[in-house]
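Take a look at the following structure, please.
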Amino acid sequence: MFRSTRELGAAVRDRRNERELTQAELARRAGVSREWVNALERGKPNVNVTQLMDVLEVLDLALDLTPLTRDTRADEIIDELFGREPDDHS
């Protein structure tokens with residue numbers, strides 16, 4: 001989970017390095033500029049989502065959205081299904 005654009009940028013940079021790609025090669029494959037990749041990796045907050053998705057696709061990554069807070073009603077239903085007491089989520 002990423003809580004900031006800097007964390008997302010660091011993850012992209014790490015994955016790019018794992019795949020032994022330069023910023024220029026990643027940019028070429030994703031159809032963006034090297035400068036754009038550099039800004040993304042530095043955590044610049046104004047990146048285009050479509051371009052971000054293109055870069056993630058080249059890196060074989062997916063963007064997964066996770067709620068920051070728990071859905072208590074869903075937890076209650078799960079507790080009922082499994083016969084657990086509320087807040088006994090072990």
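The values are calculated or read from the model by the stated rules, or taken from the named source; none is laboratory data. Here the structure is a predicted model, which is why all the values come from computation and not from measurement. Here the Cβ positions follow ideal geometry from the backbone for every residue, glycine too, while neighbour counts run over all protein chains shown.
Looking at the chain, what helices (runs of 4 or more DSSP H) fall wholly within it and have at least 3 residues that are in contact with a Gly (Cβ under 6 Å, 6 or more places away or on another chain)?
5-18
For the range 41-61, give me each residue that is hydrophobic (A, V, I, L, M, F, W, C) and within 15 Å of residue 19 (Cβ to Cβ). Step through it out loud before you land on a result.
Restricting attention to the range 41-61, the residues satisfying the condition of being hydrophobic (A, V, I, L, M, F, W, C) are 47, 49, 52-53, 55-56, 58-59, 61.
Correct list: 55, 56, 58, 59, 61.
Just to verify a result, which residue in the range 2-51, among those that are surrounded by 15 or more Cβ atoms within 10 Å (Cβ to Cβ) and among the charged types (D, E, K, R), is nearest to residue 62 (Cα to Cα)?
15
For residue 63, indicate whether it is closer than 17 Å to residue 13 by Cα and either at pLDDT below 90 or exposed (fewer than 13 other Cβ atoms within 10 Å of the Cβ) (or both). If you could, list the steps in order and put the result at the bottom.
Numbers: closer than 17 Å to residue 13 by Cα: yes; either at pLDDT below 90 or exposed (fewer than 13 other Cβ atoms within 10 Å of the Cβ) (or both): yes.
So residue 63 passes the test.
Here is a further query. Could you grab me the full set of residues in the range 54-63 that are under 18 Å from residue 34 (Cβ atoms), among the aliphatic types (A, V, I, L, M) and within 12 Å of the chain's Cα centre (by Cα)?
Matches in the range 54-63: 55, 56, 59.
Any chance you could count how many residues in the range 3-31 are hydrophobic (A, V, I, L, M, F, W, C) and either at pLDDT below 95 or within 30 Å of residue 69 (Cα to Cα) (or both)?
Within the range 3-31, residues that are hydrophobic (A, V, I, L, M, F, W, C) and either at pLDDT below 95 or within 30 Å of residue 69 (Cα to Cα) (or both) number 4.
What pairs come out if I take residues in the range 1-18 that are over 18 Å from residue 30 (Cβ atoms) and pair them with residues that are modelled with pLDDT under 90 whose C-beta lies under 7 Å away, six or more apart or interchain?
Correct list of pairs: 1/66.
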